[in-house]
Amino acid sequence: MGANGISIEAVTSRDAITEFAMLPFEVYGERDAWWPPDIQNEIDLLSGRAPIAAHLAMMPFAARRAGRLVARVTAVVNFRYNQHWNERIGQLIHFEALAGEGEATVAMLDEASQWLHQRGMAAARSGFAAFLDYPYAIDNYGGLPPFLLRNSPEYYHTYFKEAAFVTEKGMTDFTIELTPQTLASYPAMIDHAARNGVRIRTWREHGFMDAVDAWTDVTNAAFAHHWGWNPITREEVRPMLSGLARTEVADLSTLAVADGQVVGSVFAVPDFSPRLARVRPGVRLDPSRGGGTRGALINIGVIQEWRGRGVNLGMAARSFIAMARQRMKYAGYTLVLDENWPSRRTAQKLGGRISSNFIVYRRDFAVA
Ligand SMILES: CC(C)(COP(=O)(O)OP(=O)(O)OC[C@H]1O[C@@H](n2cnc3c(N)ncnc32)[C@H](O)[C@@H]1OP(=O)(O)O)[C@@H](O)C(=O)NCCC(=O)NCCS
């Protein structure tokens, strides 16, 4: 234990891992609406039981003051990421911290960074890692964020900057209002893709499990040069998505097929907030944020050879028409890198406007 009763510990016991996994309830629990984490999923990951764990070396850290857990983070060496990009970057995932705990939090981020440095990493990133970590909010603090994201508190920025991190990337979330006028523009997008030899199918029409594999293959190809991404396997994606076969996801997610080959994919979800978000009784969500009226396109990719032929718009248009049929009034188009102009243009052409902004942090370690 150091000054002011602060201690930084590696988290190893089962009880400590469970306590670690529960910290978000202290950070976000008083909000009107938030997405609670999947505790079991996090425990499985940290215990090495999740399929993705085979590609990672991990060490969770806890900061305590006078014995109380006040901040947490997991340092990760993602071998697959570093091999794909020929980089030596470590990732700091699961970051959460209480207000007024800057000293303990900075000490913890330092310790976790050192752990990465000692394992040969040249830098640490926090706020984006495929399937593992999502970026930090820079607006809409306190509001219900898009599905999968946390609208992390504003004081997190001070903690990261005090710990010598700088902004590495910016990301945005778009929202499309599914008005009659917007919806009327979509059939022409599907027709345009058809004139280019591309048929759009839902995952249900294609066969859900075959569609899951097709999504994995298209995503690996389309995102091969996309910042922050690393290749994924069919074996790890199947258990993540198979449980959605009987949900609306099967009708909202789409594939583009040309010459018998899947050349593009969209993964989209209904408004999960009535099922998964914690909403304080009596609170009515802004309908553009949730409450049963906001579907979301989570991921879109078109393989290189088929870009520039309207495949993007055809797939998204079909998805958004299905959302409207299921009484959704808004569609999210979630997480676009600020410099990803093809994707930003796609969102705009579908009728989208920027509705939330996020950032990713990075700290380069000094060369000794
Ligand atoms: C994003 C993506 C799905 C777009 O699909 P696509 O079928 O290639 O889209 P298109 O090329 O027809 O349309 C993209 C638009 O961006 C424009 N564009 C492309 N590069 C651009 C640039 N550097 N600056 C500005 N606009 C650009 C295109 O001109 C086009 O606009 P237009 O229709 O007004 O001409 C595809 O590029 C892709 O799979 N990228 C990799 C994965 C990815 O980034 N997914 C989105 C993650 S948020």
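The values are calculated or read from the model by the stated rules, or taken from the named source; none is laboratory data. Fair warning: this is a prediction, and the values are worked out from it, not measured in the lab. Here the Cβ is made from the backbone with ideal geometry for all residues, glycine too, and neighbour counts use every protein chain on show.
Can you report the number of residues in region 327-350 which are assigned to a loop (DSSP other than H, G, I, E, B) and more than 14 Å from the ligand (Cβ to nearest atom)? Even if it seems obvious, please write down each step before you answer.
Kept after step one, since they are assigned to a loop (DSSP other than H, G, I, E, B), are these residues of region 327-350: 327-329, 338-340, 350.
Of the ones still in play, those that are also more than 14 Å from the ligand (Cβ to nearest atom) are 327-329.
Going through region 327-350 one residue at a time, the tally reaches 3.
Taking region 222-263 as the range and being surrounded by fewer than 17 Cβ atoms within 10 Å (Cβ to Cβ) and within 12 Å of the ligand (Cβ to nearest atom) as the test, the residues that pass are Ala224, His225, His226, Trp227.
Test Gly197 against the stated conditions and say whether it is surrounded by fewer than 19 Cβ atoms within 10 Å (Cβ to Cβ), within 16 Å of the ligand (Cβ to nearest atom) and over 25 Å from Ser355 (Cα atoms). Walk me through how you get there before you give the answer.
On the way: surrounded by fewer than 19 Cβ atoms within 10 Å (Cβ to Cβ): yes; within 16 Å of the ligand (Cβ to nearest atom): yes; over 25 Å from Ser355 (Cα atoms): yes.
Considered against the rule, which asks whether it is surrounded by fewer than 19 Cβ atoms within 10 Å (Cβ to Cβ), within 16 Å of the ligand (Cβ to nearest atom) and over 25 Å from Ser355 (Cα atoms), Gly197 comes out as yes.
Restricting the search to helices (runs of 4 or more DSSP H) fully inside region 1-91 and requiring at least 1 residues that are surrounded by fewer than 21 Cβ atoms within 10 Å (Cβ to Cβ) and of a type in the set (A, V, I, L, M) gives 14-28, 39-46.
Applying a threshold of 6 Å to beta carbon distances and a minimum spacing of six or more residues, or different chains, the list of pairs starting in region 327-345 at a residue that is over 15 Å from Val266 (Cα atoms) and ending at one that is within 6 Å of the ligand (Cβ to nearest atom) reads Arg344/Val336.
Close Cβ contacts (under 6 Å, 6 or more residues apart or on different chains) running from residues in region 298-320 that are more than 19 Å from Thr334 (Cα to Cα) to residues that are near the ligand (Cβ under 7 Å from one of its atoms) comprise Ile303/Ala222.
If you filter region 300-312 down to residues that are near the ligand (Cβ under 7 Å from one of its atoms) and touching a helix residue (DSSP H, G or I) at 6+ places or on another chain (Cβ under 8 Å), you find that the one that is nearest to Val263 (Cα to Cα) is Val302. State whether the residues of region 119-134 include one that is out of contact with any helix residue (DSSP H, G or I) (no Cβ under 7 Å at 6 or more places or on another chain), over 15 Å from Asn78 (Cβ atoms) and surrounded by fewer than 16 Cβ atoms within 10 Å (Cβ to Cβ). No, the conditions are met nowhere in region 119-134.
Taken together, Ala296, Ala324, Ala317 contain a single residue that is within 13 Å of the ligand (Cβ to nearest atom), hydrophobic (A, V, I, L, M, F, W, C), modelled with pLDDT of 95 or more and in a helix (DSSP H, G or I), which is Ala317. The single residue among Ala53, Ala33, Ala57 that is within 21 Å of the chain's Cα centre (by Cα), under 30 Å from Glu235 (Cα atoms) and at pLDDT 95 or above turns out to be Ala57. Residue pairs whose Cβ atoms lie under 9 Å apart, separated by 6 or more positions or on different chains, with the first residue in region 264-275 and within 12 Å of Met328 (Cβ to Cβ) and more than 16 Å from the ligand (Cβ to nearest atom) and the second assigned to a strand (DSSP E or B) and hydroxyl-bearing (Ser, Thr, Tyr), are Asp271/Tyr330. So which residues in region 4-46 are small (Gly, Ala, Ser), in contact (Cβ under 8 Å) with a residue 24 or more places away in the chain and over 30 Å from Val279 (Cα atoms)? Passing the criteria: Gly5, Ser7, Ala10.
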